[in-house]
Amino acid sequence: MKENTDILTSKEKETAIDMARIPAHVAIIMDGNGRWAQSRGFERTAGHVEGVVAVRRVTEAASRLGIKYLTLYTFSTENWNRPQEEVDALMHLIVTAIERETPDLIKNNVRMKVIGDTSRMPQFAFERLNKCVEDTSGCTGLTLVLAISYSSRWEITEAMKKIAAKAAAGEIDPASITDNDVAGALATAGMPDPDLLIRTGGDSRVSNFLLYQIAYTEIYLTSAYWPDFDDSELCKAIVVFQGRQRRFGLTGEQVEETK
């Protein structure tokens, strides 16, 4: 990747980030919206509104840094179990925010993709969301992946159904199924596995997110609530990522020999 710092903000330039070693795919568990709001005496929905602002900041920063894929855990299948009032507010907020941001996504050459069990979404939300996906389909820069009504167990189960159907139809031999076949049946087919997984909000779990894909992903945890996460926080995570040695099962000496 050609190093070009001219497009970076002053905050981003202050970090020790190496533009030649930017992770291709960053995934983020955006946690802490509700707690951010409650700590300030606001309703939980105020935190979700502020979280949308953080999404814009981080998406713009990821695009500037040359990240190819940014996957955001937007709404999990477990989130359907939250109070109905909060669920309804989240659905309206997600769709309205995406519609509002779509012109800027197109302007910045950002393509949007959605992964998840969208059959559970209200029809109005699905239709409006799908239009935004179509409107950005011609963009060739950053791919912004929104995981909505998503869980990794759901994704893996659906992938197994696809593979089982092909085996039953005689299209593939069960004994010949490979890792590539499984990866190709996932919602993230065609995308590289995440290099870096960031979780905000202080918790230390992966919460049913991209379980198959993060087998060798570097994990970065921060206590910052999602609404407080910005471009400088993203750069800090990338600097930590760049300071790690990714061994993929090899020894450190073997990794050094391949450089």
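The values are calculated or read from the model by the stated rules, or taken from the named source; none is laboratory data. Not measured: the values here are computed from a predicted model. Here the Cβ positions follow ideal geometry from the backbone for every residue, glycine too, while neighbour counts run over all protein chains shown. Ligands, DNA and RNA are excluded from the accessible area calculation, which covers all protein heavy atoms including side chains. Shrake-Rupley method; radii C 1.70, N 1.55, O 1.52, S 1.80 Å.
Observations on the structure shown:
- Flag for Ala147 being open to solvent by 30 Å² or more (accessible area, probe 1.4 Å) and either modelled with pLDDT under 95 or among the small types (Gly, Ala, Ser) (or both): no
- The residue pairs whose first member lies in region 120-136 and is without any contact (Cβ under 8 Å) to a residue 12 or more places away in the chain, whose second member is part of a helix (DSSP H, G or I), and whose beta carbons are closer than 7 Å, counting only pairs six or more residues apart or on different chains, are Phe126/Thr118.
- Selected residue (only one of Ala125, Ala159 is more than 15 Å from the chain's Cα centre (by Cα), within 16 Å of Ala185 (Cβ to Cβ) and among the small types (Gly, Ala, Ser)): Ala159
- Members of region 191-222 found to be of a type in the set (Phe, Trp, Tyr) and within 18 Å of Ala147 (Cα to Cα), listed by number: Phe209, Tyr212
- Cross-chain or 6+ apart pairs with Cβ under 6 Å, region 88-108 first and under 16 Å from Met121 (Cα atoms) and assigned to a helix (DSSP H, G or I), then open to solvent by 20 Å² or more (accessible area, probe 1.4 Å) and of a type in the set (D, E, K, R): Val95/Arg128
- Hey, Ile115 within 24 Å of Ala37 (Cα to Cα) and within 14 Å of the chain's Cα centre (by Cα) or not: no
- Hits in region 105-128 - residues which are open to solvent by less than 60 Å² (accessible area, probe 1.4 Å) and modelled with pLDDT under 95: Thr118, Met121, Pro122, Ala125
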